[in-house]
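Worksheet: one structure, shown below.
Here, each number is a calculation from the coordinates, and none is a lab measurement. As the structure is a prediction and not an experimental result, all values here were calculated from the model. For neighbour counting, all protein chains shown are included, and Cβ atoms are generated from backbone atoms with ideal geometry for every residue, glycine included.
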Amino acid sequence: MDELKEWRVVELLKTTTEFFSAKHVDEPRISSELLLAHVLGQSRLQLYLNHNRPVYRDELESFRALCRQRLAGRPVQYITGEQFFYGMQFHVDERVLIPRPETELLVELALESLAMKEREGIANPAILDIGTGSGCIAVTMARLSPSLRITAVDISRDALAVARMNAEKHDVASRITFAEADMFDERFAGKLPAERYDMIVSNPPYIPVSEWEGLQREVRQYEPALALTVPEGIECYRVMAGHAEQLLVPGGKIFFELHADAAATVSELLGTHGFSDITVLKDYSGHDRVISGTGPVRN
Ligand SMILES: C[S@@+](CC[C@H](N)C(=O)[O-])C[C@H]1O[C@@H](n2cnc3c(N)ncnc32)[C@H](O)[C@@H]1O
């Protein structure tokens, strides 16, 4: 990039996109736009509307520093510290998984189901989010359904700090209890507030270790492995189905995100734990992505 040249937004984006493409950076155009928008304190739409705006020397230097990080493979979201999820802005950094658009489906389905429960007269439902990470599921649900109370659990204290920050940012921290607990610990339930939940939601680690090498380099290098992989891929569903017996109200609901290949195995597993109405829903790319079910109704 010529430092003496007077750059304008439109040509800087074009040149950077071409440079990123030549260097095989993923999503070169979007990366350029998000980084420049971040430096200029504007949205991507504003960049288009102000495409002839000059880019001043100090802005150019900041932009170049961010581009160098992107060239090294660091995901844009960690560079800018933000990711949009369900139309809301979340802080993200290397302590948490970057929320994925597929997970919005889980939130949408869970909120629909809660709206039905509320129509049936269940007031102030209690929700448990296992593996909350950035808090994207818990915070979005709390924000969009003002009567909810949520317990957000993670094994990672670092992740919980980010989730708490996001809850405060969106003004829902007073309705979320954060708990540090390992779902594989047999004393897991004892580490949560003593209550039963109307719904358990989770996007747990579900990538089998055997698939680790096949993941994108920037995922392997920058995102927390703890958030992504487990030895076989289905271990978390097994323990969560077990916890549900103790933690879910009779007839309570579960919504879990899935590996696209795991639907049949997880359906069977939930069946053996007494769940009914087991339904697998596809994401917008046509992959099995969310499994829902109704917990056993006891007398
Ligand atoms: C796939 S990430 C999901 C994060 C966030 N809910 C989302 O949808 O973007 C899984 C999360 O589970 C947490 N986790 C991993 N193993 C766990 C365990 N044994 N017990 C509780 N949480 C765990 C990770 O720290 C990570 O934050």
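Structure values in brief
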read-out	value
Gained length - Lys191 relative to Gln221, 0.36 nm times residue gap less alpha-carbon distance	7.6 nm
Phi-based couplings in Hz for the range 89-100 (Karplus 6.51, -1.76, 1.60; Gly and Pro marked x)	8, 10, 6, 9, 8, 5, 6, 9, 5, 6, x, 9
Whole-number D in µm²/s for the range 39-131 (Stokes-Einstein; Kirkwood sum over Cα pairs; 25 °C, 0.890 mPa s)	146 µm²/s
Folded to 0 to 90 degrees: helix 263-272 orientation relative to the chain principal axis, Cα	30 degrees
3J(HN,Hα) from dihedral phi, the range 278-293, Karplus parametrisation 6.51/-1.76/1.60, rounded to Hz, x for glycine, proline	6, 10, 10, 10, 8, 7, 6, 8, x, 9, 4, 9, 10, 10, 10, x
Extended-chain gain in nm, criterion 0.36 nm per residue less alpha-carbon gap, His24 and Glu180	52.2 nm
Inter-label distance for Tyr56 and Glu168, nm, one decimal - labels placed 7 Å from Cα along Cα-to-Cβ	3.1 nm
Residues whose placed amide H lies under 5 Å from that of Ser134, excluding near-sequence neighbours	Leu97
Leu47, Leu36 arranged by Cβ crowding within 10 Å, fewest neighbours leading	Leu47, Leu36
Simple Cβ-charge dipole of the range 85-294, Lys/Arg +1 and Asp/Glu -1, about Cα centre, in debye nearest 20	560 debye
Ranking of Phe184, Phe19, Phe63 by count of other Cβ atoms within 10 Å, fewest first	Phe184, Phe19, Phe63
Cα-Cα P(r), the chain, percent of pairs per 10 Å interval	6, 26, 31, 20, 12, 5, 1, 0
Most positive-pole-ward Cα, Gln216, Pro146, Ile122, against dipole of the chain from beta carbon charges	Pro146
Computed Kirkwood radius, in angstrom, where 1/r is averaged over Cα pairs of the range 180-299	15.2 Å
Rounded Å value of the spacing that divides the Cα centres of the range 247-279 and the range 193-239	16 Å
Highest average packing first - 143-153, 48-58, 252-262, Cβ atoms within 10 Å	252-262, 143-153, 48-58
Alpha carbon centroid spacing (whole Å) that separates the range 98-113 from the range 44-96	25 Å
The range 93-227 - Rg over Rh from alpha carbon coordinates, Kirkwood radius	0.98
Nearest 10 degrees, 0 to 90: helix 57-71 Cα axis against the chain principal axis	50 degrees
Under the Karplus curve 6.51 cos²θ - 1.76 cosθ + 1.60, θ = phi - 60°, whole-Hz ³J(HN,Hα) for the range 234-251, x wherever Gly or Pro sits	10, 4, 5, 5, 4, 6, 5, 4, x, 4, 4, 4, 8, 9, 8, 5, x, x
